[in-house]
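Below: one structure, written as structure tokens.
The values are calculated or read from the model by the stated rules, or taken from the named source; none is laboratory data. Just so you know, these numbers come straight off a predicted model, no measurement behind them. Here the Cβ is made from the backbone with ideal geometry for all residues, glycine too, and neighbour counts use every protein chain on show.
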Ligand code: HEM
Ligand SMILES: [Cu+2]
């Protein structure tokens, strides 16, 4: 009958009265958000794979210079921002407000740089005549532009939101309104957005390098 | 205050002072109870609209040439009929069956049943509701925009839904609003799901282990997991469809499509892709609609049979199994869409395997009733009705799960019969059972029993009269979504069956007035409810009716036993609440 006794189950972290993962609910919430958002991105990437496999002669227009060089630079920038983010979280837990804010600002600047370089990419492609509904490389594969702009666009939106989010956190943490935990949770989001790019970069760019 | 509010580093909010202004208290409230009622009222509004639409459809099927006062041109066109089909399905599936059980009752009772003062993220909760509300405004706006409501069904099948105005009235503005509405709904449901999961994991009272959670909580919890995983995929589909319509892409539209004699400027896409995205969401969605109802049925059956739920653990595991399998069967909606026989076979076997946990649940419900001292109160009647409808509708699913049989039955009234019994009406019965059961707690007054019983019998018999004959029409080849079957040679002789169903529908629809009257009358004039009018065992009955702002009035319950301790041998009462300390339990004399 131990099951009907209160004491019988206190041993387990799942028996109520405490968070079983010993993390605060905000963090758990962010993890859950990441799960659901990764499903949205997965669905988009799978859709991309689906139409790409279905289309003969999917265009592979990206030259090493400038497209791949630029996107590699973007990858580098984004990876660096993850590093500064980690340092920022670390500083926050060490209680060093100034340092935290500085690292967060570095992260934000990387994010802005990413979006800026990406924007030049978009402009170049649009200039070459790539639109969501057509492209000059292979008119029989009109979805080349749609998938490119759709995937990178949604990702860019995530980066932009991330930049704003980090700005709020940096501001609030500097003022003492937010705790290190807030910084950590925003870091989770930022790393996630980074991770998504690690799928988009190979699938959208590297798989479309001009074979010549 | 107990240690509960600040343990484990979880950020539970200390009991908040009740806001005083009307707007903060009832409109932009962060109190999960108020938000639950808001969801409930939204669903109530939606269901009234949905029923009116369905009655118009039933009317048109029987009297296709009747002149109607509110239809421009007098007679309803076939496109208008399709608009009714689409809006009825969309409103019912999303804004009633997804909104009331989860957003409504889940919001209200999940925190109380696990002994928490509120949701983990109260402000996010408010946001979820208001985004849902915005989604509802969008879908209703589709009625009044130029071209009117969309015509592509609740499944929004492409290419019809992707082409714009050229493919029919309602496919311009109306369809765009449909997509916007559904995408907003996805967002809101994602946020809601996240909140439910975090709450269930983090905020359970001391002693409320997973295996002591009421089965309602299990239902809401697993439903939230399904929502978290499924709505994101539909959101992706919605984004792509919106791009197809407004940015000129062709994700879902193949080349060489000629619509209304015009070659469409699209190429390269695949309508099948939409079907995959939609049904990857769509099948879990049907369980999102029914799992909370299953929880409520278990809860209510046990309470009014005065017996523990038979096989509690098996019930909880079955809910999980159904949720898990639910993600692997979406292909059964696509057997005739050009699927390889091998995948068809796999989807068929997986689909039928859901029958196993479903059967476990059914037999355990019967086991719960077996030998019980059954009290036939209104909530109990609706819970029994739920079981009946779930079985009747689920059995036809097993036939549909055979690709060879489905070749014939797909897109006929047989499918309509299947999903209305098993999802539509069964889930509605779950909602009714929940309403009659929890009304005293939510509003502090009892509902009227005789009126409730009248409502039950009309609805129960009515539902069978409407949906049973549909099986026969389907087997005879009656195709769903046809505006006028009387014009189709081999179906014309079935018109009398349609007439019977229409009459039954009107009577059943009218009988819902018993419910509406009972609801609003009891709100004001019902006899006052005590704390625990049903002698039930779970935590919501440990607090006032209605509960105070922080749910338990400053004290937080601890939990000492499982949720369904009825008729325990040796105990003085026939129920032992979860919150009662072992020393307080009365012994039999
Ligand atoms: C053992 C249980 C079940 C089996 C084997 C089953 C099987 C199927 C199959 C094969 C179809 C596709 C028919 C077609 O379109 O040709 C179908 C449709 C459907 N089922 Fe079930 N089903 C089961 C239980 C349920 C439950 C519990 C629900 C909801 C709560 C549900 C809701 C639906 C809906 C809404 C549709 C039709 C959607 C549409 O085309 O508009 N089913 N079912
Ligand atoms: Cu299904």
Criterion first (at pLDDT below 95, more than 10 Å from chain B (Cβ to nearest Cβ), exposed (fewer than 15 other Cβ atoms within 10 Å of the Cβ) and over 30 Å from residue B:583 (Cα atoms)) does residue A:66 satisfy it? yes
So, residue B:236, is that one touching a residue at least 40 places away in the same chain (Cβ under 8 Å), at the interface with chain A (Cβ under 8 Å from one of its Cβ atoms) and either part of a strand (DSSP E or B) or under 30 Å from residue B:559 (Cα atoms) (or both) or not? no
Pairs with Cβ under 6 Å, 6+ apart, first in region A:1-23 and under 27 Å from residue A:181 (Cα atoms) and more than 7 Å from chain B (Cβ to nearest Cβ), second surrounded by 11 or more Cβ atoms within 10 Å (Cβ to Cβ) and at pLDDT 85 or above: A:13/A:20
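Okay, residues lined up against (1) more than 14 Å from every other protein chain (Cβ to nearest Cβ); (2) assigned to a loop (DSSP other than H, G, I, E, B); (3) over 28 Å from the mean Cα position of the chain (by Cα):
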site	(1), (2), (3)
B:508	yes, no, no
B:516	yes, no, no
B:520	yes, no, no
B:545	yes, yes, no
B:550	yes, yes, no
B:555	yes, yes, yes
B:558	no, yes, yes
B:563	no, yes, no
B:569	no, yes, yes
Single match in B:100, B:135 (criterion: in contact (Cβ under 8 Å) with a residue 60 or more places away in the chain, within 20 Å of the chain's Cα centre (by Cα) and assigned to a helix (DSSP H, G or I)): B:100
Go through region B:154-176 and count every residue that is within 16 Å of ligand 1 (Cβ to nearest atom) and either free of Cβ contacts under 8 Å to residues at least 60 places away in the same chain or surrounded by fewer than 17 Cβ atoms within 10 Å (Cβ to Cβ) (or both). 2
Hey, residue B:326 within 16 Å of ligand 2 (Cβ to nearest atom) and crowded, with 22+ Cβ neighbours inside 10 Å or not: yes
Which residue is surrounded by the fewest Cβ atoms within 10 Å (Cβ to Cβ), if the candidates are limited to region A:94-136 and must be within 14 Å of another protein chain (Cβ to nearest Cβ) and in contact with a helix residue (DSSP H, G or I) (Cβ under 7 Å, 6 or more places away or on another chain)? A:131
Collect the residues in region B:329-366 that are crowded, with 18+ Cβ neighbours inside 10 Å, within 16 Å of ligand 2 (Cβ to nearest atom) and part of a helix (DSSP H, G or I), keeping them in residue-number order. B:330, B:331, B:332, B:333, B:344, B:347, B:348, B:350, B:351, B:357, B:358
Report yes if some residue within region B:400-418 is under 19 Å from residue B:294 (Cα atoms), at pLDDT 95 or above and assigned to a helix (DSSP H, G or I); otherwise report no. yes
Limited to region A:22-60, what total is found for residues that are part of a helix (DSSP H, G or I) and closer than 17 Å to residue A:145 by Cβ? 9
Tally up the residues in region B:177-209 that are assigned to a helix (DSSP H, G or I), in contact (Cβ under 8 Å) with a residue 40 or more places away in the chain and either closer than 22 Å to residue B:108 by Cβ or within 12 Å of chain A (Cβ to nearest Cβ) (or both), please. 16
Given (1) within 16 Å of ligand 2 (Cβ to nearest atom); (2) closer than 18 Å to residue B:372 by Cα, index of the condition residue B:311 fails: (1)
Only one of these conditions is not met by residue B:369: (1) away from ligand 2 (no atom under 14 Å from the Cβ); (2) within 14 Å of chain A (Cβ to nearest Cβ). Which number is it? (2)
Looking at B:268, B:311, B:256 in this structure, which one is touching a helix residue (DSSP H, G or I) at 6+ places or on another chain (Cβ under 6 Å), without any contact (Cβ under 8 Å) to a residue 60 or more places away in the chain and within 22 Å of residue B:159 (Cα to Cα)? B:268
Against the definition (within 21 Å of the chain's Cα centre (by Cα), free of Cβ contacts under 8 Å to residues at least 40 places away in the same chain and within 16 Å of ligand 2 (Cβ to nearest atom)), how does residue B:390 come out, yes or no? no
If I filter region B:283-308 down to residues being within 16 Å of ligand 2 (Cβ to nearest atom) and either free of Cβ contacts under 8 Å to residues at least 60 places away in the same chain or farther than 21 Å from residue B:388 by Cβ (or both), which single residue comes out as nearest to the other protein chains (Cβ to nearest Cβ)? B:284
